[in-house]
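*Asks:* Got a structure here, written out as structure tokens. Questions coming.
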Amino acid sequence: MNLTHRCLVAVILLASVAIAQTKPAHPEKPAGKSVAKPAAKPTPASAPTSLPSEDTVNSFLYQMVGFDPTVTWKVADIRPAEAAGLAEVAVVFTNAQGQNLSKLYVTADGKHAIQGEIIPFGAKPFEDARAKLEKGVNGPAKGPAKAPVTIVEFSDFQCPHCKEEAPIVEQLLALEPDAHFVFQNFPLPMHNWAEKAADYTDCIGRASNEAVWKFIQKAFEEQANITEANADEKLKAIATDSGANAAEIAACATKPETKARIEASIALGKSVGVTGTPTLFINGRALSGGVRVDVLKKLVDFHAGEENEKQGKTADSTSQ
């Protein structure tokens, strides 16, 4: 299986050969191996009793890939899948090249697992996600508000692949000036300063729509120089360079309402199936990062054509 090492790309590599190639993080400690066991994760109160336990998942993974001492993993989440009757299990695999988020779906009897990805289905498969995004987005936006196409990006400032995606998105927006673009914060728990950068972005975006885009660009450019220890210092400097009041932004970043907006953005992403960054939505159609700009343009044009055709039919029916 060909894997790109995006931050937490939602792919599944649980066949033993495939996982051995990707070098997975933190299995349950077997006899004779010095491997850290992941911290226990409480089962959500609302979860059905058919969810597998973390111990069961770790035991399964050990049987699948325990033969390779360089392979480590950590169970990231166990929750009901969108498809009824299945449990969704997310596992972070790590190797020297980076990390990958893999998912599998466990049947209600706990006897079988399905590899792959659950995708929306139906005559209008993207409408549900599109409606949720239109209602829930709270990030900085640019482009016509009533555009036929809305592009939403869920991003993490500490993710190197989000940094790589940023110029691709800029190229796309230059080619599609009539599109509406929204930047949504989705800091990953594995990153130690991403949430702080998200807080700053939220506050700058609410203060100045011009400054926030400069901040986003500069924060990605400075990514390699930012650490957990110097994050405040670096982010304040970037805020100043972007034309924002650094002291006011730093104070705003610590407020509960700011944290609540970031949490709402993360919850929105999860509600439409985001498991990693960067993730783009074009009128509700989800795309992981790394898609070529010419392909993205074709998708934007396709959905714009759909919308224009729909509006034309509506106008015709109204005039009759």
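Each reported figure results from applying straightforward, stated rules to the coordinates on display, with no laboratory input. Computed from a prediction, not measured in an experiment: that's the story for all the values here. Cβ coordinates were reconstructed from backbone atoms using ideal geometry, including for glycine residues, and neighbour counts include every protein chain displayed.
*Asks:* Pulled fully out, how much extra length does the chain show between S53 and T240, if you take 0.36 nm times their separation in residues and subtract their Cα-Cα distance?
*Replies:* Residue separation times 0.36 nm, minus the Cα-Cα distance, leaves 62.5 nm.
*Asks:* Between R285 and A260, with labels modelled 7 Å along Cα→Cβ, what's the label distance in nm to one decimal, could you check?
*Replies:* Distance between label points: 3.7 nm.
*Asks:* Turning to a different aspect of this structure: With Cβ to Cβ distances under 11 Å as the rule, what net charge do the other residues near H180 carry (K, R +1; D, E -1)?
*Replies:* My count for the surroundings of H180 gives -1.
*Asks:* Next question. Report ³J(HN,Hα) in whole Hz for each residue of segment 93-105, in order, from the Karplus equation J = 6.51 cos²θ - 1.76 cosθ + 1.60 where θ = phi - 60°; Gly and Pro get x.
*Replies:* Here the 3J(HN,Hα) series is 9, 10, 9, 5, 8, x, 10, 9, 9, 10, 10, 9, 10 Hz.
*Asks:* Would you give the gap between the C-alpha center of segment 189-245 and the C-alpha center of segment 63-112, rounded to a whole Å?
*Replies:* Computed from Cα coordinates, the inter-centre distance equals 33 Å.
*Asks:* Sticking with this one: Please identify the chymotrypsin sites (Phe, Trp or Tyr not before Pro) of segment 55-98 that satisfy two criteria: DSSP loop assignment and at most 12 other Cβ atoms within 10 Å. Which are they?
*Replies:* Passing both the DSSP loop test and the Cβ count: F67.
*Asks:* Right, here's the next one. Would you mind putting 94-106, 299-311 in packing order, based on average other-beta-carbon counts within 10 Å, highest first?
*Replies:* 94-106, 299-311
*Asks:* Give me the extension gain from E127 to A84: residue separation times 0.36 nm, minus the current Cα-Cα distance, reported in nm with one decimal.
*Replies:* Working it through step by step, the gained length comes to 13.5 nm.
*Asks:* If packing is taken as the mean number of other Cβ atoms within 10 Å per residue, what is the order of 213-223, 285-295, highest first?
*Replies:* The peptides rank, most packed first, as 213-223, 285-295.
*Asks:* In addition: In square nanometres, what is one fourth of the surface area of the convex hull spanned by the alpha carbons of segment 69-148?
*Replies:* Averaged projected area of segment 69-148's Cα convex hull equals 9.0 nm².
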